[in-house]
1. Of the residues 16, 54, 42, which exhibits the maximal mean-square fluctuation in a Gaussian network model of the chain defined by a 10 Å Cα contact cut-off?
2. How big is the accessible area of residue 88 in square angstrom, nearest 10, if you roll a 1.4 angstrom probe over the protein chains?
3. Given a 1.4 Å probe and every protein chain left where it sits, what share in percent of the accessible area of the chain is carbon and sulfur?
4. Reachable lysines from residue 97, Cα under 18 Å, same-chain residues fewer than 8 places away excluded?
5. Looking only at 74, 24, 33, which one moves most when the chain is put into a Gaussian network model with springs between Cα atoms under 10 Å?
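The values are calculated or read from the model by the stated rules, or taken from the named source; none is laboratory data. Only a predicted model underlies this, so the values are computations on that prediction, with no experimental measurement involved. Accessible surface is based on the protein model in full, side chains and every heavy atom, while ligands, DNA and RNA are left aside. Shrake-Rupley method; radii C 1.70, N 1.55, O 1.52, S 1.80 Å.
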Amino acid sequence: QVQLVESGGGLVQPGGSLKLSCAASGSIFSMYAMGWYRQAPGKQREWVAKITSGDSTNYKDSVKGRFTISRDNAKNMLYLQMNSLKPEDTAVYYCNKDGVIKWNWGQGTQVTVSS
């Protein structure tokens, strides 16, 4: 079972930027498409972005042009560069593999966008 540890969240003003990181244990990380997900207070967790093992990417419409997902398979790392942040981006952000079957969720990293 892969373990996932997210980091890089924080408090940022609207229009600001953050870069999230996700460290994955194990050697199978590179085999899978990976995604970033987020859960805002009182809402269900939602998909944000996806990157395949071949580095193809997809984004939720509301983050297109602002967020960039990337990965470093040699380091078992997944990243999410978030620019032009908006208050509605406030949530706990998680990483996990793409698809119906997930690995155990990590603790997530809190992103708060507020003035």
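1. Highest fluctuation among the options: 42.
2. Surface accessible to solvent at residue 88 totals approximately 120 Å².
3. Carbon and sulfur: 48 percent of the exposed surface of the chain.
4. Excluding near neighbours in sequence, the set is 50, 60, 75.
5. Highest fluctuation among the options: 74.
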